[in-house]
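Pasting in a structure now, in structure tokens, and then I'll have a few things to ask.
The numbers here are math on the coordinates, done by the rules we state, and not lab data. Just so you know, these numbers come straight off a predicted model, no measurement behind them. Virtual Cβ from ideal backbone geometry, glycine too; neighbours counted across all protein chains shown.
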Amino acid sequence: MKREDLKTRVLGILTTIAPELDAGGLRADEPLRNQIDLDSMDWLNFLVALHEQLKVDIPEADYGKLATLDDLLAYLKEKLPA
Amino acid sequence: MIEFKLPSLGADMDQGKLLEWKVKPGDAVERGQVIAVVDTSKAAVDVEIWHPGIVEELITKPGDTVPVGMVMAKLRETGEVAPAPAPTIPPSLRKPASPAARKRAHELDVDIDKVAGTGPHGTVTLADIEKAATRPATAAPPAADRQAEMRKAIAAAMSRSKREIPHYYLSEAIPMHRALAHLARANEARPVTERVLMGALQLKAVALTLRRFPELNGFWRDGAFQPGAGIHIGVAISMRQGGLVAPAIHDVDERGLEDLMRALADLVKRARAGSLRSSEMSDPTITVTNLGEQGVESVFGVIYPPQVALVGFGRVAERAWAEDGALRAAPVVTATLSGDHRASDGHRGARFLAALREQLQRPEAL
């Protein structure tokens, strides 16, 4: 999947979790949780949705690698088949 | 004949608007079945019935606002023969109303039995009738109205709490390295769909501890403490657009952690979607609030009447921690107890928090 397509998918999922999100105003290099009101339940729901829609499993130990949108996309690109 | 009355859906709700019946006359209903959807200031609530039977008559019409305790439908016991329809309501069962209100209701073509009375003992006043006549019967209110209504409901419940309940407050720092390590280990083996959050672990710890402190779990009613029938924890859930609800998870002490986590996830999802059940709204025996994720160290909550206690958790954060004569960095959470001094004393409250701390040192037992 191309990075841009992946970004669209990820932002789409994120918007279902946080409907007030202005995806266009999101800074890709700043921590997501500083910009969006995501508690641990929201975050878990986000990961479950990624798991269901993109068939990718993210272990808890990797949460630290997923602070920003850039981090998340790089991580997913590596995990997904090209 | 079984009368189905609008149940109380929390201290801050005294009336509700029927949005929809889920049953029709002739339907058989089971205990626990959702039979109506009622709009309150906080959410559209699925109202359950607790007596099986066959629906005889639906009295309240969709769009009508009815006070708590009003008969909304009549059912007959399974096997009971359908009676001949009663032509009129006997005067003793008529809604109390002032003569002026009755006259005005007639003039304005308002059904007085459907009007929520604000006078003494629920008496319908002239003002109630005029208000009812101008209120259009519509579906759920728009979001902005819901916001304003929710704010009002919270204001009423919290003002009542601070007026009536002599709160005392206690706090305790609880080391969390054991609980965190246990959870990380357990979650490693779980697929993402079954992962358990610290919030669920904390709820279970509170519930197990409460078994030994029944005076914190229940209600203050009519000048006396009534213990709760089970440990039904109200979970404070913030709404994304502001405001909060605190519906119950039932029998938390008896649930396994995975089951509790599923219940918690489901409750949060439904609360935010505005789809809660009447039993969840009406019977929490204590409330737990967690503001740690918003970054605060501790929260001293306002008790939700008629409950008698509230447990708060702050952020789990690394702090300098002295244990066994050594100082080290350790994850610590501050747990607090807001207690109703009419129902319990600080001494027992302190024992409760100490027991909660010990409980969280044995996460494998949760």
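What full-extension length gain, to one decimal in nm, is calculated for residue B:169 and residue B:1 as 0.36 nm per residue of separation minus the Cα-Cα distance?
Taking residue B:169 through residue B:1 to full extension adds about 55.7 nm, to one decimal.
Cα centroids of the range A:41-82 and the range B:20-60: how far apart, whole angstrom?
42 Å
Let me ask something else. With a ≥ b ≥ c taken as the square roots of the eigenvalues of the C-alpha gyration tensor of the range B:166-365, please select rounded if a/c is under 1.5 and otherwise prolate if a/b is larger than b/c or oblate if it is not?
It is oblate, given that a/c is not under 1.5 and a/b is not larger than b/c.
Taking the Cα atoms of the range B:2-134, what is the range of coordinates along each of the three principal axes, in descending order and whole Å?
So the three principal-axis extents are 43, 38, 23 Å.
Would you mind telling me the antiparallel percentage of the DSSP bridges in the range B:2-134, rounded to 5?
Expressed as a percentage, antiparallel bridges in the range B:2-134 total about 95.
Quick one: work out the % antiparallel among DSSP beta bridges in the range B:166-365, nearest 5.
The antiparallel proportion sits near 80 percent.
Separation between the residue A:23 and residue B:351 pseudo-spin-labels, each 7 Å from Cα along Cα→Cβ, expressed in nm?
Computed distance between label sites residue A:23 and residue B:351 equals 5.7 nm.
With the radius of gyration and the Kirkwood radius both derived from the Cα set of chain B, what is their ratio Rg to Rh?
Expressed as Rg/Rh, it is 1.04.
Let me know the shape class of the range B:10-73, please: from the alpha-carbon gyration tensor, a ≥ b ≥ c as square roots of the eigenvalues, rounded when a/c is under 1.5, otherwise prolate if a/b is greater than b/c, or oblate.
Because a/c hits 1.5 or more and a/b exceeds b/c, the range B:10-73 counts as prolate.
Sorting B:167, B:341, B:232 on the 10 Å Cβ count, fewest up front, what's the list?
B:341, B:167, B:232
Still on this model: Starting from the 7 Å offset along Cα-to-Cβ, what nm value, one decimal, do you get for the label separation of residue B:269 and residue A:6?
Output for this residue pair reads 2.7 nm.
Next question. In square nanometres, what is the average projected area of the Cα convex hull of the range B:219-331?
For the range B:219-331, averaging the hull's shadow over all directions gives 9.7 nm².
Gaussian network model of chain B, Cα springs within a sub-10 Å range: biggest mean-square fluctuation belongs to which of B:11, B:132, B:44?
Looking only at B:11, B:132, B:44, the biggest GNM fluctuation is shown by B:132.
Give the shape of chain A as rounded, prolate or oblate, defined through the alpha-carbon gyration tensor: a ≥ b ≥ c are the square roots of its eigenvalues, a/c under 1.5 means rounded, and otherwise the shape is prolate if a/b is larger than b/c and oblate if not.
rounded
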